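Worksheet: one structure, shown below.
The values are calculated or read from the model by the stated rules, or taken from the named source; none is laboratory data. Just so it is clear, the model here is predicted, and its values are computed rather than measured. All Cβ positions, even for glycine, are placed from backbone atoms using ideal geometry, and neighbour counts span all protein chains on display.
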Amino acid sequence: VYNGVGAVVAASFSRIFYRNALNNGLLAIACPAAAEAIQPGEMVTVDTERHVIRCAGGEFVFPPLSASVMGIVQAGGLVAYVKRKLAAA
């Protein structure tokens, strides 16, 4: 979480932005309908278990995230994720 931001929701991302966000532990979710409904400064809830984004404009389903993506985000980024994997080996 960076300055209270745990995820970025947008209609789409360039591949380099997506990988850089993930590598830094920031979840990037492409969901065009949610991105259109979310207002600037609005508090949004992202439920990664149910694959739902909740905002004042409604609930929006996004594609399931892979186990590796969730592992990297939960670890706080790619470096921390790799360190954990190596320590467990």
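Summary table
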| read-out | value |
| --- | --- |
| Residues satisfying the stated conditions in the stretch 30-39, i.e. out of contact with any helix residue (DSSP H, G or I) (no Cβ under 9 Å at 6 or more places or on another chain) and either assigned to a loop (DSSP other than H, G, I, E, B) or closer than 19 Å to Ala67 by Cβ (or both) | Cys31, Ile38, Gln39 |
| Selected residue (criterion: modelled with the lowest pLDDT) from residues of the stretch 35-51 that are under 19 Å from Gly4 (Cα atoms) and among the aliphatic types (A, V, I, L, M) | Met43 |
| Verdict on Glu42 being out of contact with any His (no Cβ under 8 Å at 6 or more places or on another chain), assigned to a helix (DSSP H, G or I) and in contact (Cβ under 8 Å) with a residue 12 or more places away in the chain | no |
| Residue among Ala21, Ala10 that is hydrophobic (A, V, I, L, M, F, W, C) and out of contact with any strand residue (DSSP E or B) (no Cβ under 6 Å at 6 or more places or on another chain) | Ala10 |
